[in-house]
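Colleague: Can you keep this structure in mind? I'll have questions shortly.
Only the coordinates and a few stated rules stand behind these numbers; no lab work does. Everything numeric here is computed off the predicted structure, so don't read it as measured data. Neighbour counts run over all protein chains shown; Cβ positions are idealised from the backbone, glycine included.
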Amino acid sequence: MTQGKEMNRRAFLRYSAATGALAAAGFAAPARAEMYNVTLNIMSHPGQILPIYTHHTDFLKETYGITLNLLESPDPTSYQDSLKDLNAGGGKYDMVMHFPRYNGDLTSAGYLKPLDELIEKHDAGALFDNISDAYRKLYCEWGGDTIAIPVDGDVAMMYYRKDAFDNPEAQARYREQFGTDLKLPRTWDDFKQIAAFFTGWDWAGSGRNGYGFQTSTWDRAFIEQQWAPMMASAGGNWFDDECNPAFNNAAGVRAANDLKALIATAPPGSASLSWGQTMETIFAEDVAMSLWYMDLGRLGWAENSWFASSGGPETMAKFGYAQWPGYEIDGIYRNFNSMFYGRVAAVTNFTENEDACMAVIKTLLTPERRVLSMDDAQSGSDMFLKTDYTTDAFKVLTPSQEFLDAAKAVISNGFPEMNMPGTGEYMDALQGELHGFLTGDGDSAEAALDRAADRWQSITDRYGRENQIAAWAKVRASYKAAGLNIGG
């Protein structure tokens, strides 16, 4: 048998198996695979994100005749590579990856291709309907058009040490000190009090002092992921209806001051740690409460994952899972979880291979294909399909159903990234002022947020206030469609 015939036979068998599994799961599949025989230039974030594609390279080659040429681009600035391609006339990339906050910039500039006609043409509606509703409404659509798919479902939850809250000595000491029972925090005032309580004594019986709190990162480039959901829970928002900043007020100031107070309850040096280093401190130290993304609960059971070498079953058995605390303002309780830094993939308007791109998209969204990158200790791709939130989906990793149930709940109540034109500039202005306040001395939250707001006004005027008002209305419409009650 010739090599070409053997390739075709393997492709037929693999495609038949895939379409049979699709049909059994209730997802439509075409009658036969189209062989495109093309190379697609795919811009991808590097490192632990590459498995999102590399798990499928052989399958795509054998099933569709698609070769993936993966072009790595750094996470925070990948959208700038897209804009460079656009400014050069396009054509460098067939598909691109970016943080959802850049959907508005890239779509408004005409770089991203609307996908709805292709979804219908390729009978992919059921696959898109299987995307978790929050991601579908908030991060896959712009102005009513589908313009991207999720490839990494980032949303943060509260992780807590069960041996801290169930500790009889801790319960007695807390009741004596505060006159109330020790229980999971409902408000940020509760959270601050409990974090301070667990800091500085050996509540875990490990022979060393424990700490009350650790967040996923305090790094300047990501600092708003912690503050913004708190600000929104206190009644703030990115903008008001006229595109004036809506965070340099009591809500934003309260959130900033509360967050700064929590630094004192974290392990020493935490304000300068990277993502992986904060994760290591959570595993290596006794930290009662952590606000971290799904990687902890998905990968923490592995002995040696991409972001931490100190995890494992003995460590993870100590953790419980809950939503973030919130604020009660004027009798209304509101809490949001951080939904920042998920990743999306999109097709460019300059590709000459849109149908082949849709074959890639369908592969990434097909549950039994998609799970390969999620079920990998060296991959950074967290859950985003409705079918992801069950232990039956995993064959290698062993996340608990308790964790998956909590993850499913928090994604429906996440505060999303702002994704409109100029988001990169807005966030850079905010990040600088916020990080300076949280890690510096002498300044006030009011002054820092006012400076950020002044810069936001200038950015809005430069982009055109009426244009930005219209873009913000689209963002607010996505909040409403996702069922989020944000800002007042």
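Colleague: Roughly what % antiparallel, to the nearest 5, for the DSSP beta bridges in segment 157-339?
Modeller: If we restrict to bridges inside segment 157-339, about 70 percent are antiparallel.
Colleague: Helix 224-233 versus the longest principal axis of the chain: what is the Cα-based angle in degrees, 0 to 90, to the nearest 10?
Modeller: Long axis of 224-233 versus the principal axis of the chain: about 70 degrees.
Colleague: Hey, another quick one. Within 10 Å of each residue's Cβ, count the other Cβ atoms and sort Phe239, Phe350 from fewest upward.
Modeller: With the fewest neighbours first, Phe239, Phe350 line up as Phe350, Phe239.
Colleague: While we're on this one: What is the distance, in nm, between label points placed 7 Å from the Cα along the Cα-to-Cβ direction at Lys318 and at Ile263?
Modeller: 2.6
Colleague: Take every Cα pair under 8 Å in segment 157-339 that's 6+ residues apart, average their separations, divide by the length, and report that relative contact order as a whole percent.
Modeller: Reported as a whole number, the value is 32 percent.
Colleague: How tilted is helix 188-197 with respect to the longest principal axis of the chain? Cα atoms for both, answer in degrees (0 to 90, nearest 10).
Modeller: That helix lies at roughly 70 degrees to the long axis.
Colleague: Here's another thing I want to ask about it. Less than 12 Å Cβ to Cβ from Ala448, Lys/Arg counted +1 and Asp/Glu -1: what total charge do the surrounding residues give?
Modeller: -2
Colleague: Kindly put Lys121, Lys113 in sequence by how many other C-beta atoms sit within 10 Å of each C-beta, fewest to most.
Modeller: Exposure proxy ranking, most exposed first: Lys121, Lys113.
Colleague: Still on this structure, I have one more. With 10 angstrom as the radius, rank Leu112, Leu86 by how many other C-beta atoms surround their C-beta, starting from the fewest.
Modeller: Ascending Cβ contact count within 10 Å gives the list Leu86, Leu112.
Colleague: How high is the relative contact order of segment 272-391, given as a whole-number percent (alpha carbon pairs under 8 Å, six or more residues apart)?
Modeller: Result for segment 272-391 is 20 percent.
Colleague: For Trp203, what is the net charge nearby, where nearby means another residue's Cβ is under 13 Å from its Cβ and Lys, Arg count +1, Asp, Glu -1?
Modeller: Result for the neighbourhood of Trp203: -1.
Colleague: Quick one: grab Rg to one decimal and Dmax as a whole number for segment 359-488, Cα atoms only, in Å.
Modeller: Cα only, segment 359-488: 20.0, 56 Å (Rg, Dmax).
Colleague: Now for a separate question. Mind putting a number on the dipole of segment 157-339 about its Cα centre? Charges go on the C-beta only, +1 for Lys and Arg and -1 for Asp and Glu, and I need it in Debye to the nearest 20.
Modeller: Dipole magnitude for segment 157-339 comes out near 200 debye.
Colleague: Name the lysines eligible as straight-distance cross-link partners of Lys162: C-alpha to C-alpha under 17 Å, and not fewer than 8 places from it in the same chain.
Modeller: Lys183, Lys318
Colleague: Could you list the trypsin sites (Lys or Arg not before Pro) in segment 391-459 that lie in coil according to DSSP, counting only those with at most 15 other Cβ atoms within 10 Å of their Cβ?
Modeller: Lys395
Colleague: Please compute the contact order of the chain in relative form: average sequence separation of alpha-carbon pairs under 8 Å and at least six residues apart, divided by the residue count, as a percent.
Modeller: After rounding, I find 23 percent.
Colleague: Also, quick follow-up: Please report the net charge: other residues with Cβ closer than 12 Å to the Cβ of Ser458, K and R +1, D and E -1.
Modeller: Spelling it out: positives minus negatives among the neighbours equals +1.
Colleague: Calculated from DSSP H runs of 4 or more alone, at -39500 (n - 2.57) each and per residue, what is the 222 nm mean residue ellipticity of the chain, nearest 500?
Modeller: Helices in the chain give a 222 nm mean residue ellipticity of -13500 deg cm²/dmol.
Colleague: How big is the antiparallel share of DSSP beta bridges in the chain, given as a percent to the nearest 5?
Modeller: Bridges in the chain are about 60 percent antiparallel.
Colleague: Let me ask something else. Write down the radius of gyration of segment 231-309 and its Dmax, each obtained from C-alpha positions, in Å.
Modeller: Cα radius of gyration and Dmax of segment 231-309 are 16.5, 51 Å respectively.
Colleague: Which values, in whole Å and largest first, are the semi-axes of the equivalent ellipsoid of segment 381-441 obtained as the square root of 5 times each eigenvalue of the Cα gyration tensor?
Modeller: 35, 15, 11
Colleague: Let me ask something additional. Can you pull the Rg over Rh of segment 157-339, Cα-only, Kirkwood?
Modeller: Reported Rg/Rh, Kirkwood definition of Rh: 0.98.
Colleague: Excluding same-chain residues fewer than 8 positions from Lys61, which aspartates and glutamates have a Cα within less than 14 Å of its Cα?
Modeller: In chain and number order, the partners are Glu6, Glu34.
Colleague: For the pairs Lys84/Lys474; Lys113/Lys480; Lys260/Lys480; Lys386/Lys480; Lys408/Lys480, flag any whose C-alpha to C-alpha distance is greater than 22 Å.
Modeller: Lys84/Lys474; Lys113/Lys480; Lys260/Lys480
Colleague: Of Ala447, Ala429, Phe403, which is farthest on the positive side of the dipole of segment 396-483, counting Cα position, with +1 on Lys and Arg Cβ, -1 on Asp and Glu Cβ, and the Cα centre as origin?
Modeller: With unit charges placed on the Cβ atoms, the residue in question is Phe403.
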